[in-house]
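> Input: one structure, supplied below.
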Amino acid sequence: MNLEKILNNPSLLVKELENFFSKYDATVLHIQEGVRDNFERFPAPGDGILHFFTIHALFSNKGIFGIEGDYLDEIHPRFSFLYSKLASYLKKKGINTIGPHAQFALAIIPYVDPKGSVKKSLPKYMRKSRGQTIIASKNLIKGSPYYASLIKNYGSFVGIATNNNTIVGPDGGLIAAACKIASTFDKKISLLEFGSGGGSTTLAIARINKLATYIGNDFSREMVTYFKEKVIPKLNSYTIESSIFLGSCFEMPLEDKVDLISVGVYYQAQPSLFEKRGNKLVRCLNPSGVLIAQSGMIEDRFITNILRNTVPQRNQWPWYKQSYCLNKYFRYVSEYILEQEIVLVATNNYKKYCQIRKVFNFRKKN
Ligand SMILES: C[S@@+](CC[C@H](N)C(=O)[O-])C[C@H]1O[C@@H](n2cnc3c(N)ncnc32)[C@H](O)[C@@H]1O
């Protein structure tokens, strides 16, 4: 079944999905459909547009994704298992949702049935991923309308492909958010970044002359080597003091006070990052400091919902912890769609919150 066939007759897909989810004691509640730029594949296949379907499904097995434990180690791998089963189920039916040529994506938003019971959990599926190869800016422009537009608006960046060949950078949402937030400070800002990749966020702020210092980290050896060889010399040319740490976001030393923390690590690491380091991150921020986190694709709000605790208590999964939620650490948490990505913006400073609202909600007068 090719993309055209699905789009012309979506009931074919709906039937397959209902059949698949029934095997996991789940009911499909509703399916949302939409399009966005296909920015995780390079070159972007076809017309560069990705069609997506978000499946909202109600699970009667409360323990399907585990009962307790750390989100990243215990819960997410079971959720990944379900995704891998769905992808192979659909592949057998001729629907391709993964790989370099996919123009079609599915997102699962699971809900727990409060009347359900705890049964067997799914096995864990682990797939290691890290930023690995660099795509030159001129090639990014040629192969992707999305990145061509980002580069036009914010200057030249490299692309990042993972060891699984997914494009994970530059992060359009973080670049846009960081530049807007930097503009609310009178002085140049200090930036702390988790998941620095090819350095696009820091370079974007440096170019608008708003960056004073930078501390970053990435658990990819290849990314840190690239950062040391190519990004730090550029930051030096702007007289920006910088340092980069090789290792996970859970281990990076947090000593200095900064104005902005940017969280660009994989979405699934973010609940655990806030649980383990949320209080420490708040202590790292200056009084008017801000944290930004790119928390999901527009079709997939699952991690964003966890970070915002948007689900009523009775519908909560047994593994859910309040400590995953950004509101436990920050009084003001806002959400924006920037460059087709979901970005959360958090601060404890009311004046800064008002300044941020102004720059984000700015409308041009006719
Ligand atoms: C979404 S990309 C960020 C790209 C970056 N903003 C850029 O513009 O190039 C995520 C990066 O974070 C790294 N990463 C992912 N999870 C991480 C973790 N738990 N700790 C440290 N680095 C992580 C990956 O290796 C990858 O380079």
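The values are calculated or read from the model by the stated rules, or taken from the named source; none is laboratory data. Just so it is clear, the model here is predicted, and its values are computed rather than measured. Counting neighbours? That spans all protein chains shown, and the Cβs are built from the backbone with ideal geometry, glycine included.
> Taking the condition of being free of Cβ contacts under 8 Å to residues at least 40 places away in the same chain and surrounded by fewer than 16 Cβ atoms within 10 Å (Cβ to Cβ), how many residues in region 251-285 meet it?
The qualifying residues number 6.
> Can we say Y24 is out of contact with any Asp or Glu (no Cβ under 7 Å at 6 or more places or on another chain) and either crowded, with 19+ Cβ neighbours inside 10 Å or over 14 Å from I108 (Cβ atoms) (or both)?
no
> Across region 308-357, what is the number of residues that are without any contact (Cβ under 8 Å) to a residue 24 or more places away in the chain and over 25 Å from Y71 (Cβ atoms)?
Total meeting the criteria: 4.
> Just a yes or no: is a residue in region 155-170 over 20 Å from I342 (Cβ atoms), more than 9 Å from the ligand (Cβ to nearest atom) and touching a helix residue (DSSP H, G or I) at 6+ places or on another chain (Cβ under 7 Å)?
Checking region 155-170: at least one residue is over 20 Å from I342 (Cβ atoms), more than 9 Å from the ligand (Cβ to nearest atom) and touching a helix residue (DSSP H, G or I) at 6+ places or on another chain (Cβ under 7 Å).
> Quick one: in region 226-274, of everything that is among the polar types (S, T, N, Q) and closer than 30 Å to Q322 by Cα, which residue is nearest to the ligand (Cβ to nearest atom)?
So, considering only residues that are among the polar types (S, T, N, Q) and closer than 30 Å to Q322 by Cα, the one nearest to the ligand (Cβ to nearest atom) is S248.
> Now for a different question. How do the pairs read when you match residues in region 1-26 that are in a helix (DSSP H, G or I) with residues anywhere that are of a type in the set (S, T, N, Q) and at pLDDT 95 or above, using Cβ under 9 Å and keeping only pairs 6 or more apart or on different chains?
E18/T27; F21/T27
> Answer yes or no as to whether K120 is charged (D, E, K, R), within 11 Å of the ligand (Cβ to nearest atom) and within 30 Å of L17 (Cβ to Cβ).
Details: charged (D, E, K, R): yes; within 11 Å of the ligand (Cβ to nearest atom): no; within 30 Å of L17 (Cβ to Cβ): yes.
For K120, the condition - charged (D, E, K, R), within 11 Å of the ligand (Cβ to nearest atom) and within 30 Å of L17 (Cβ to Cβ) - is not met.
> Restricting to region 128-149, give me the number of residues that are more than 10 Å from the ligand (Cβ to nearest atom) and either touching a helix residue (DSSP H, G or I) at 6+ places or on another chain (Cβ under 6 Å) or of a type in the set (G, A, S) (or both).
Selection size over region 128-149: 9.
> Continuing with the same structure: Inside region 148-187, can you point out the residues that are surrounded by fewer than 24 Cβ atoms within 10 Å (Cβ to Cβ) and acidic (D, E)?
Within region 148-187, just D186 meets the criteria.
> Collect the residues in region 80-105 that are closer than 24 Å to G66 by Cβ and outside any loop (DSSP other than H, G, I, E, B), keeping them in residue-number order.
Across region 80-105, the qualifying residues are S80, F81, L82, Y83, S84, K85, L86, A87, S88, Y89.
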